[in-house]
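Novice: Can you read through this structure? Questions will come right after.
The values are calculated or read from the model by the stated rules, or taken from the named source; none is laboratory data. Since we're looking at a predicted model, the values are computed, not measured. FYI the Cβ positions are ideal-geometry reconstructions off the backbone, even for glycines, and counts take in every protein chain you see.
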Amino acid sequence: MMMTLRTVTCRVLLAFTVLLGSGHIAHADGDQRATHLPPLPKYRQECASCHVAYPPGMLPPESWQRLIDNLPRHFGTDASLDAASVKELSAWLTANAGTYKRVRAAPPEDRITTSAWFERKHDEVPAAAWKRPGVKSPANCSACHAQAQQGDFNEHNVRIPR
Amino acid sequence: MSRSYRIRRSFAALLAGMLLSQLTHAAAPSELQAAYTAQAGSPASPDRGQALFTTHHGREWSCSSCHGTLPIRAGSHAGTGKPIAALAPAFNAERFADAAKTEKWFRRNCNDVLGRECTAAEKADVLSWLRTLKP
């Protein structure tokens, strides 16, 4: 009888944990869901060679379109690609771009880091921290968000390098 | 320069170009270097390659800005800080193993560093230097 009771308790606990877990995902912000999208292999291969595979949901479709149309002049570097790759990336990025309220407006220079939501979320970070050798630039997400490459930007996992 | 020599030389360059464009998949670093050398029509120089790699060419970045002066270990992207795995093929088997990928990165990075594409001779020089770096 004790065994059965214990088993039932375990099952209830397990179910509760699962419920909590899924609830967290289901009720998270729109951006949380967008960041967990598995990157297109081509996106990981071509774009994530130089920077974090920024989640497509962090920019509106018109920003992605402008970026993809200007790859030979990509924030001061030549990121040019063959036409077939450009087409594939363009389709995936615009299809998965952010459409929810806070991402709807294109940020200045189509930079994720100049978005109002980005600045608000990072307003506790001291200006000097961005300049530390282990950080270098606000574009270097994984300097502080260790799981950024996997699309995890949860603030509880943030470790700012000293 | 005799006419037959010129014909032979342009034929060799043509052949090398065809070879390079056909090496779209797997290729060994030595094969890529041979193709670039044939296209250049003169032997590769590791010293020239090292000089090209480590010096600035009137622009903000040199090759070393991201790959390090001795690219036998990981570097870091000068703009984004993202780690870049070792470039010397003896330290990273994925480097110079694919002709199309090699061409893509030479095109982009030479444009960033020199403001133009690299010549076949320059590519042969750089690759010949990288191939001298051994564990």
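Novice: Given the condition touching a Pro at 6+ places or on another chain (Cβ under 8 Å), more than 15 Å from A:Ser63 (Cβ to Cβ), of a type in the set (D, E, K, R) and touching a residue at least 24 places away in the same chain (Cβ under 8 Å), answer yes or no: does some residue in the stretch A:150-158 qualify?
Specialist: no
Novice: Right, something else. Assuming B:Ala121 fulfils every condition listed in (1) out of contact with any Cys (no Cβ under 9 Å at 6 or more places or on another chain); (2) within 11 Å of another protein chain (Cβ to nearest Cβ); (3) in contact (Cβ under 8 Å) with a residue 40 or more places away in the chain apart from one, which condition is it?
Specialist: Of the numbered conditions (1) out of contact with any Cys (no Cβ under 9 Å at 6 or more places or on another chain); (2) within 11 Å of another protein chain (Cβ to nearest Cβ); (3) in contact (Cβ under 8 Å) with a residue 40 or more places away in the chain, the odd one out for B:Ala121 is (2).
Novice: I want to confirm something. Restricting to the stretch B:87-105 and keeping residues that are without any contact (Cβ under 8 Å) to a residue 60 or more places away in the chain and surrounded by 19 or more Cβ atoms within 10 Å (Cβ to Cβ), which single residue is nearest to the other protein chains (Cβ to nearest Cβ)? Break it down into steps so the answer makes sense when it comes.
Specialist: Within the stretch B:87-105, the first condition is being without any contact (Cβ under 8 Å) to a residue 60 or more places away in the chain, and the residues that meet it are B:87-88, B:90-94, B:101, B:104-105.
The next check asks that each one be surrounded by 19 or more Cβ atoms within 10 Å (Cβ to Cβ); those that pass are B:87-88.
Values: B:Leu87: 12, B:Ala88: 17 Å.
Top of the filtered list is B:Leu87.
Let's see how each residue does on (1) without any contact (Cβ under 8 Å) to a residue 12 or more places away in the chain; (2) closer than 18 Å to A:Arg73 by Cβ:
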| site | (1), (2) |
| --- | --- |
| B:Ser64 | yes, no |
| B:Ala85 | yes, no |
| B:Glu117 | yes, yes |
| B:Thr132 | no, no |
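Novice: On to the next question. Among the residues of the stretch B:36-73 satisfying the criterion of being among the charged types (D, E, K, R) and assigned to a loop (DSSP other than H, G, I, E, B), which is nearest to the other protein chains (Cβ to nearest Cβ)?
Specialist: Here is the first cut: in the stretch B:36-73, the ones among the charged types (D, E, K, R) are B:47-48, B:59-60, B:73.
Imposing the further condition that a residue be assigned to a loop (DSSP other than H, G, I, E, B) reduces the set to B:59-60, B:73.
Numbers: B:Arg59: 10, B:Glu60: 8, B:Arg73: 17 Å.
Filtering the stretch B:36-73 for residues that are among the charged types (D, E, K, R) and assigned to a loop (DSSP other than H, G, I, E, B), the one nearest to the other protein chains (Cβ to nearest Cβ) comes out as B:Glu60.
Novice: Residues in the stretch B:52-70: is at least one aromatic (Phe, Trp, Tyr), over 30 Å from A:Ile112 (Cβ atoms) and touching a helix residue (DSSP H, G or I) at 6+ places or on another chain (Cβ under 9 Å)? Step through it out loud before you land on a result.
Specialist: Going residue by residue through the stretch B:52-70, those that are aromatic (Phe, Trp, Tyr) are B:53, B:61.
Still in the list and also over 30 Å from A:Ile112 (Cβ atoms): B:53.
Now restrict to residues that are touching a helix residue (DSSP H, G or I) at 6+ places or on another chain (Cβ under 9 Å): B:53.
Yes, that holds for at least one residue.
Novice: If you take the residues in the stretch A:56-83 that are at the interface with chain B (Cβ under 9 Å from one of its Cβ atoms) and exposed (fewer than 14 other Cβ atoms within 10 Å of the Cβ), which one is modelled with the lowest pLDDT?
Specialist: Only one residue fits best here, namely A:Gly76.
Novice: Looking at A:Ser115 and the list (1) away from chain B (no Cβ under 14 Å); (2) polar (S, T, N, Q); (3) more than 22 Å from A:His36 (Cβ to Cβ); (4) surrounded by 16 or more Cβ atoms within 10 Å (Cβ to Cβ), which single condition is not satisfied?
Specialist: All conditions are met except number (3).
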